[in-house]
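Trainee: Can you keep this structure in mind? I'll have questions shortly.
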Amino acid sequence: MAQFTLSQVETFERLLGYSILSDVVRNQLTSNYTQTVVDRALEIITELENVDLLLKEARETSYVTESRGAKLSYSQHIRHMKSEGSRLLQELAYILKIDVIFNRYLNKKKPLSYW
């Protein structure tokens, strides 16, 4: 069994929208996971960083409409990247057995219920 470092746990909390520390979530994230889950979670973090870089690049080059004879669609590209980011967040939450509180790729916040 393997555990995440405190830095990795804080990264998961930030990515999944936990702006307020939750002991329940922190306990879940600091529990033991199989090595397969740890490896996949770290791969997802890398993939999310790549999606963020591609989104940043797309925003910086949004004025380009054609490249090498191919028509480019800024909105479709952004939609695809956000969809991929959202899918990765959902997978991360699923394998870590916690909820996504805020999905930054959809600008969607999960309603909280306290009872």
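Trainee: Could you check the range 17-39 and list, in sequence order, the residues that are hydrophobic (A, V, I, L, M, F, W, C) and in contact with a strand residue (DSSP E or B) (Cβ under 9 Å, 6 or more places away or on another chain)?
Mentor: 37, 38
Trainee: Check 17, 85 and return the single one that is surrounded by 12 or more Cβ atoms within 10 Å (Cβ to Cβ), on the phi > 0 side of the Ramachandran plot and either assigned to a strand (DSSP E or B) or modelled with pLDDT of 85 or more (or both).
Mentor: 17
Trainee: On to the next question. Any chance you could count how many residues in the range 20-50 are over 18 Å from the mean Cα position of the chain (by Cα) and open to solvent by less than 20 Å² (accessible area, probe 1.4 Å)?
Mentor: 1
The values are calculated or read from the model by the stated rules, or taken from the named source; none is laboratory data. Quantities reported herein were computed from a predicted structural model and do not represent experimental measurements. Here the Cβ is made from the backbone with ideal geometry for all residues, glycine too, and neighbour counts use every protein chain on show. Side chains included, ligands, DNA and RNA excluded: accessible areas come from the protein's heavy atoms. Shrake-Rupley method; radii C 1.70, N 1.55, O 1.52, S 1.80 Å.
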